[in-house]
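The values are calculated or read from the model by the stated rules, or taken from the named source; none is laboratory data. Small disclaimer: the values here were computed from a predicted structure and weren't measured. Every residue, glycine as well, gets a Cβ built from its backbone with ideal geometry; the counts of neighbours run over all protein chains shown. Areas reflect the complete protein model, heavy atoms only, side chains present, ligands, DNA and RNA absent. Shrake-Rupley method; radii C 1.70, N 1.55, O 1.52, S 1.80 Å.
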Amino acid sequence: MSVFSAKDAEEFLKSGAKELRYNRNLQITPGARDLLSEAGIRLIFESDSPTPANSPIPLSHASNTPRPMNTKPVATHSPDGKPYKPEHLALFTSPEAEKLKLEICDIGRRMWMREYTDGNGGNISARIGPNEFLCTPTGVSKGFLTPDMICMVDSNANQLAGSLPRTSEITTHLAIYKTTPEAKAVCHAHPVHATAFAVAGFEPPPRLIPEWEVFVGKAALAPYRTPGSPEMAEVIGPLAPKHQSILMGNHGVICWGTSVEDAYFKMEITDAYCRTIFIAMQLPSGQHPTIPCDKMSELLELKKKMGLPDPRYDLKPAELCEVDPWALMQDRPRTCSSPAQPCHPSPNFTQATNAELEALVQSLTDEIMAKLTPK
Ligand SMILES: [Zn+2]
């Protein structure tokens with residue numbers, strides 16, 4: 001593999017090209033990506049073609065210079081000194097694994113660019129065998145991953161390959177793979193808007209945007225558990241078969257997909273939906289429009305044809321409309337983990353506010369009328 005550095009990016013910019021096609025043989029460094037992105041250069045990843053003929057620059061350009069990353073040997077022992085098995089190392093260095101490692105790095109970069117990860121937060125994994133999974137290491141920013149940082153584990157979270165220790169939260173990912181065979185990849189992060197819903201214990205309301213209903217809705221809301229603990233795996237695993245996006249109480253969001261990018265898409269859609277709702281809640285709306293019941297059935301029919309999971313397939317149209325999203329947003333009910341914890345705000349909150357407003361308008365009207373009336 002060759003490395004395309006910031007120096008290479010500077011050279012590339014002199015060529016005047018508008019896009020850079022690259023493949024799994026070329027690792028673009030974060031610094032080079034920043035320079036290219038600032039100059040508006042489109043990066044196009046070509047997964048299968050080793051040397052695209054229409055590349056604006058010969059990919060060999062970067063490979064002329066020896067780089068330390070190319071020569072880094074694959075670790076033969078785990079970070080705690082145990083020897084890895086040759087068959088695991090063979091799988092870990094297979095072309096399929098190398099391609100997945102690049103995809104994980106690419107998605108890590110996209111999560112970081114969108115501010116879904118903070119510090120060392122977030123983690124990504126992907127199935128590579130019946131009992132083998134690639135995953136991100138612990139303690140590393142997801143914005144600056146390189147393929148040599150990726151680890152491999154079995155379904156019990158034992159590390160099978162990789163020079164760095166695997167993420168502690170892999171056990172939560174593995175719980176999803178266990179209950180949901182369709183899951184080929186899992187992304188976990190702390191995107192601010194969706195995490196705010198998880199922190200408030202507020203499930204995103206339905207029937208507001210079709211994109212959400214078809215590709216994600218409805219998201220599950222899991223109670224808080226210690227990150228990476230067996231208890232966390234216990235609450236997340238059973239929710240996954242019917243929910244591709246799960247809000248983790250007081251923590252973040254975890255999504256699964258049929259590929260690394262698909263899992264990431266679920267997270268993007270979840271955060272965009274939560275963000276839109278936040279803004280919509282601030283706007284005056286006299287009409288409170290929603291997607292009508294019969295149109296909701298159409299959307300769910302479409303979703304079913306696409307083979308996507310949803311817990312509402314058995315509901316009748318009227319049942320799909322039982323929830324008024326605007327009423328939910330005004331009252332902001334919260335999900336209680338125990339009946340002993342009252343967590344609903346006053347149910348009369350909205351009426352009280354309206355009554356106060358009416359009284360204020362009345363007193364202002366009276367005041368104006370008194371001034372206008374001749375004495
Ligand atoms: Zn987390």
For SER285, tell me the accessible area in Å² from a 1.4 Å probe, rounded to the nearest 10.
40 Å²
In whole percent, what relative contact order does the range 76-152 give with Cα contacts below 8 Å and a gap of six or more residues?
29 percent
Within 11 Å, Cβ to Cβ, of GLY252, how many net charges do the neighbouring residues add up to if Lys/Arg are +1 and Asp/Glu are -1?
-3
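What percentage of all Cα-Cα pairs in the range 152-292 are separated by more than 27 Å?
Of all Cα-Cα distances in the range 152-292, 22 percent exceed 27 Å.
Under Stokes-Einstein, with the Kirkwood radius over Cα pairs standing in for Rh, what whole-number D in µm²/s applies to the range 253-317 at 10 °C and 1.306 mPa s?
112 µm²/s
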What's the whole-number percent of alpha carbon pairs in the range 72-114 lying beyond 11 angstrom?
71 percent
accessible surface per residue for the range 139-208, probe 1.4 Å, DNA/RNA/ligands not counted, whole Å² -> 30 Å²
Low-density loop positions, GluC sites (Glu not before Pro), the range 89-192 - DSSP coil, at most 11 other Cβ in 10 Å:
none
Within a Cβ distance under 11 Å of MET232, other residues only, what is the Lys/Arg minus Asp/Glu net charge?
-2
Residue-normalised accessible area of the range 67-116, given per residue in Å² at a 1.4 Å probe
59 Å²
Nearest-20 debye value, the range 234-317 charge dipole, Cβ charges on Lys, Arg, Asp, Glu
200 debye
Here the range 210-219 yields Karplus 3J(HN,Hα) values (6.51, -1.76, 1.60; θ = phi - 60°; whole Hz; Gly and Pro given as x) of x, 3, 5, 4, 7, 8, 9, x, 9, 7
